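What follows is a single structure, written as structure tokens, with notes after it.
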Amino acid sequence: MKRLLSSSAMFALALTACSGAVDQNAARPDQDYANAMDVGREAFDMTRASQAKTQFEAAYGRALLRDDAKALSDAGII
């Protein structure tokens, strides 16, 4: 009985240890950021530079709020 209990406890411990490696930003996508980037790309493709600039600035602001390095890079480069 002791052996069964200890192996169950070890299994539970192993499962909880693995769950800590999940990136919290990846689990929750920012829909406002995604919308601003999509609209900005479409506006850029239609040669509407001022509208594209406004949308990319909005996306950059959302990425800055989330402190998302990849999103900051994507919104800042375009």
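No lab work stands behind these numbers, since they all come straight from the coordinates. Everything quoted here is computed from the prediction, not taken from an experiment. All Cβ positions, even for glycine, are placed from backbone atoms using ideal geometry, and neighbour counts span all protein chains on display.
Provide Rg over Rh for segment 30-78; use the alpha carbon set for both Rg and the Kirkwood Rh (inverse mean inverse pair distance).
On the way: Rg = 9.8 Å, Rh = 10.2 Å.
On the Cα set of segment 30-78, Rg over Rh gives 0.96.
Within a 10 angstrom radius of the beta carbon, how do Phe44, Phe56 rank from fewest other beta carbons to most? Write out the running numbers ahead of the final one.
Values: Phe44 16, Phe56 22.
By the 10 Å Cβ count, ascending: Phe44, Phe56.
Take Leu64 and Glu42, extend 7 Å from each Cα along the Cα→Cβ direction, and tell me the distance between the two endpoints in nm.
2.5
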